[in-house]
Amino acid sequence: MSDSRPDLVIYGSPVSPFVRKVAGVCIAKGVPYEVEAINVFDPPQWFREISPMKRIPVLRDRSVAEEGLAGTIADSSAICAFIEKKHPAPALYPDIPMALGEALFIEEYADTALAMAGGLGIFRPIFFAVSKGEEPGLDKARDAWTNQLPPIFDVLEARLGGRAFFAGDALSIADITVATVLMQIALVAETPLDRWPGLAAHYAAMQALPLIAEPYAAAEKMIRRALPTRFDLT
Ligand SMILES: N[C@@H](CCC(=O)N[C@@H](CS)C(=O)NCC(=O)O)C(=O)O
C-alpha cells in the first residue's frame, strides 16, 4: 500500500504566526503538508531534541527521515528558505539582489519587532489570561497598540511606499510574514490601520489570499472557543 501522508510535517499549532507563515509558503507552492500538534509550553522530550530553543515551528521532511534529528529544521525563516529551494515555483524570494535583501529584512523585522509588539504585547496578555479564566490584560494590550506598534507601522508604511508588495514586484516572503504576524493581533483585537493607508491596503489584499486566509481560519476556530469577540484597543 502506498503512503499517502505528505512529506512535510509542521510541528506546532496554527495559533502560532510562525507556523501559519510556513503553512502559507506550502499553500503558495501547492506543497502538501500536515500540522502535528505540539504544546510548546510542555513539549515531549523528542521535540526538545529537535527544537533547541524550545520553539515552534519545527519542520520534518519525512522523505529524509521519519524520526530523530535528521530531516528536521527549526525556525520559520530557515524552514521557508528550505521549502523555496526544494520547491522553487512560484518563487517567494526575489531574484534581484537588493530586492532579496529587502525581503529578508522585512521578514526579520516582522518576525522580531512586529511579533514582539503584537504577539507578546497584545495576543498573549489577552488570550493567555482569558484561557486561564482571568481578566484579559487590556492595559498592556492598549499600551502596545498605542505606543509600541505605531513606530513599527510607520516603518512598514514607508518601506511599502504605496506599492502592492514589500520587495520587488511580486508576492514574497516579506508580504507573507508581515500579514501573518499582523493577523496575530486580529485573533484577539480589532486592527484599525486608517493612519497607515498603504499598509491597510496591503493587509486587505493579503487577507484575501487563501495562503493567508486558510491557516488563519484554522487558528481563529481554536481562539473563538475561548474568546468569542475581538477587543477594541483604541
Ligand atoms: N524565530 C522563531 C520564533 C518562533 C517562536 O517564537 N514561536 C513561539 C510560538 S508563536 C514559541 O514557540 N514560543 C514558545 C515559548 O515562548 O516558550 C521562528 O521564526 O520560528
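The values are calculated or read from the model by the stated rules, or taken from the named source; none is laboratory data. These numbers come from a predicted model, not from an experiment. Cβ atoms come from the backbone with ideal geometry, glycine included; neighbour counts cover every protein chain shown. Each accessible area value is taken on the protein alone, full model and side chains, heavy atoms only, with ligands, DNA and RNA left out. Shrake-Rupley method; radii C 1.70, N 1.55, O 1.52, S 1.80 Å.
Taking θ as phi - 60° and the Karplus parameters 6.51, -1.76 and 1.60, the scalar couplings of the stretch 105-121 work out to 5, 4, 4, 5, 5, 5, 5, 10, 4, 5, 5, 5, 5, x, x, 6, x Hz in sequence order, x denoting glycine and proline.
Among all stretches of the chain without exposed GluC sites (Glu not before Pro) (DSSP loop, at most 14 other Cβ atoms within 10 Å), which one is longest?
Details: sites that count: Glu66, Glu67, Glu134, Glu190.
No qualifying site falls inside 68-133, the longest such stretch.
Using the Cα coordinates of the stretch 103-161, the gyration tensor eigenvalues translate into equivalent-ellipsoid semi-axes of 26, 12, 6 Å, sorted from longest to shortest. Per residue, the chain exposes 48 Å² of solvent-accessible protein surface, assessed with a 1.4 angstrom probe and all protein chains in place. Around the Cα centre of the stretch 97-226, unit charges on the Cβ atoms of Lys, Arg, Asp and Glu (plus for the first two, minus for the last two) sum to a dipole of about 340 debye.
Count Lys and Arg as plus one, Asp and Glu as minus one, and take only other residues whose Cβ is under 11 Å from that of Ala189; the net charge is then 0.
Out of the DSSP beta bridges found with both residues in the chain, what percent are antiparallel (nearest 5)?
Values: 7 of 13 bridges.
The antiparallel proportion sits near 55 percent.
Normalised by residue count, the stretch 8-86 yields a Cα convex hull volume of 81 Å³ per residue.
Which whole-number percent is the relative contact order of the stretch 1-142 (Cα, under 8 Å, 6+ apart)? Spell out each step's value before the answer.
Numbers: 164 pairs, mean separation 26.9, N = 142.
Relative CO of the stretch 1-142 lands at 19 percent.
Based on the Kirkwood radius over alpha-carbon pairs, what value in µm²/s does the Stokes-Einstein equation return for the translational diffusion coefficient of the chain at 10 °C and 1.306 mPa s? Walk me through the numbers on the way to the answer.
Details: Rh = 18.3 Å.
Answer from the Stokes-Einstein relation: 87 µm²/s.
Model label sites at Ala158 and Phe82, defined 7 Å from Cα along the beta-carbon direction, differ in position by 3.6 nm. Here the Gaussian network model covers the chain, with springs between Cα atoms less than 10 Å apart; of Val40, Val22, Val58, Val40 fluctuates the most. For the pair Met116 and Gln45, label points projected 7 Å from Cα toward Cβ lie 3.5 nm apart.
By per-residue mean of other Cβ atoms within 10 Å, what is the highest-first order of 138-146, 191-199?
Values: 138-146: 17.7, 191-199: 15.1.
Packing order, densest peptide first, comes out as 138-146, 191-199.
Distance between the pseudo-spin-label points of Glu108 and Ala37 (7 Å out from Cα toward the beta carbon): 3.6 nm. Ranked by the mean number of other Cβ atoms within 10 Å per residue, highest first, peptides 159-165, 59-65 order as 59-65, 159-165.
With the cut-off at 29 Å, tell me which of the pairs Lys21/Lys54; Lys21/Lys140; Lys85/Lys221; Lys29/Lys221; Lys54/Lys132 have Cα atoms farther apart than that. Write out the running numbers ahead of the final one.
Working: Lys21/Lys54 18 Å; Lys21/Lys140 26 Å; Lys85/Lys221 32 Å; Lys29/Lys221 24 Å; Lys54/Lys132 22 Å.
Lys85/Lys221, as the Cα separations exceed 29 Å there.
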